[in-house]
Structures are given as structure tokens and as C-alpha cells.
Amino acid sequence: MLKSIIEEKLQAQIKKEASSSQLYLSMASWADMKGFSGAAEFLYHHSDEEREHMLKLIRFVNERGGHAEIPALSSPQKDFDSFQSVFKSILDHERKVTESINDIITACLKENDHSTNNFMQWYISEQMEEEQLANSILDKLKMIGDNMPSLYLFDKELSELTKNAHQA
Ligand code: OFO
């Protein structure tokens, strides 16, 4: 049985994962509209992954005797200054999500909730991967700057990256 303090934190995390999914969907739509089809595929896929993260939490809360609520969300940011600013926002966003996962783990340790702690370890690894990926994409984009031919090639690279992720 989940303690109410842990259930509340998991519930807040459900909302964060849902918001992440919406934010990446909005970024995907922006990239699509700008003609960055590789980035759009990458971001659509990323949005789906965030929805999976949300679903995993919903199922866990319900399996442990809680009742996961489906949160209302406000509209995500619609416009972005550049390809680079999109990935800078992703990195900043993921760093905040990591802090929030760490906060849940700290609460689990305080409350002696080993099952939730164990469950949340998957999110710790996932956050490390996500931050690393966003960081490496951002580094490349900084090197490319406004060079359109290089941006075009990088967009193709993102498309390949997404295809490989689908196959994995
Ligand atoms: Fe769910 O990992 Fe990003 O936010």
C-alpha cells in the first residue's frame, strides 16, 4: 500500500511526464512546420516515450493500491526561436525532471518505501540517458550554428537516430 505522501509525489510526476509529452509534441509540430522532418520524427517519438513514462507510473500507482488521476494540462509553448533553442529547452526541462525524480527517491528513503524506490530506479537511468542525448545534440547544434547545409545534414542524422530507436 502506498503512503499518501509517496502517492502525491507520484501523482505530481504523472503530470510532469504528461506535460513533457505535450511539450515535445508541440516541439515536433514546430519542427514539422519548419521543414525539419528528421527533428520532427525524433520529437514525435520522444513525445510517445514520455507518454509511456506517464503510463508506467499510472499503472504502478494503481497496482500498489492507489488511484492515479489523469491530470489537466495547460497548453505547451507553441513557437521556438531556433532548432538550437528547442534542444536547449529539452535539456533544461530534463534536468528539472531529474531533480523531481531524485526528490521522489529521497522521500522513498525517508518513508522506507523500498518498492517505489526500486521502481523509480528505472527512471534514474532513463533520465541519465535523456540528459546525455539532449546534451550531445545541443553540442552538435552549437558547432553547426546557422549553417543551413549542415543543419540539413544533421536533420537527416536525427531521422536515422529515430529509425534506430524504433528498431531497438
Ligand atoms: Fe520522462 O523522461 Fe523526459 O521528461
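The values are calculated or read from the model by the stated rules, or taken from the named source; none is laboratory data. Because the structure is a prediction, the values reported are computed rather than measured. So basically every Cβ, Gly included, is an ideal-geometry build from the backbone, and we count neighbours across all protein chains shown. The protein model used for the area step is the full one, side chains on, heavy atoms only, and it has no ligands, DNA or RNA in it. Shrake-Rupley method; radii C 1.70, N 1.55, O 1.52, S 1.80 Å.
In region 97-121, what count of residues is obtained for those that are open to solvent by 60 Å² or more (accessible area, probe 1.4 Å) and free of Cβ contacts under 8 Å to residues at least 24 places away in the same chain? Number satisfying all stated conditions: 9.
Within the option set Leu57, Leu138, Leu151, being in contact with a Lys or Arg (Cβ under 7 Å, 6 or more places away or on another chain), assigned to a helix (DSSP H, G or I) and surrounded by 13 or more Cβ atoms within 10 Å (Cβ to Cβ) holds for one residue only, Leu138. Of all residues in region 25-83, those that are away from the ligand (no atom under 16 Å from the Cβ), of a type in the set (A, V, I, L, M) and in contact with a Leu (Cβ under 8 Å, 6 or more places away or on another chain) total 2.
Would you mind stating whether Glu94 is touching a residue at least 12 places away in the same chain (Cβ under 8 Å) and closer than 30 Å to Met143 by Cα? Spelling it out, Glu94 is indeed touching a residue at least 12 places away in the same chain (Cβ under 8 Å) and closer than 30 Å to Met143 by Cα. Residue under question is Leu2, and the condition is that it be open to solvent by less than 80 Å² (accessible area, probe 1.4 Å), more than 15 Å from the ligand (Cβ to nearest atom) and of a type outside the set (Lys, Arg); does it hold? It is true that Leu2 is open to solvent by less than 80 Å² (accessible area, probe 1.4 Å), more than 15 Å from the ligand (Cβ to nearest atom) and of a type outside the set (Lys, Arg). Contact map, region 22-42: first residue within 15 Å of Asp81 (Cα to Cα), second residue among the β-branched types (Val, Ile, Thr), Cβ cut-off under 6 Å, separation 6 or more or different chains; pairs are Met27/Val86.
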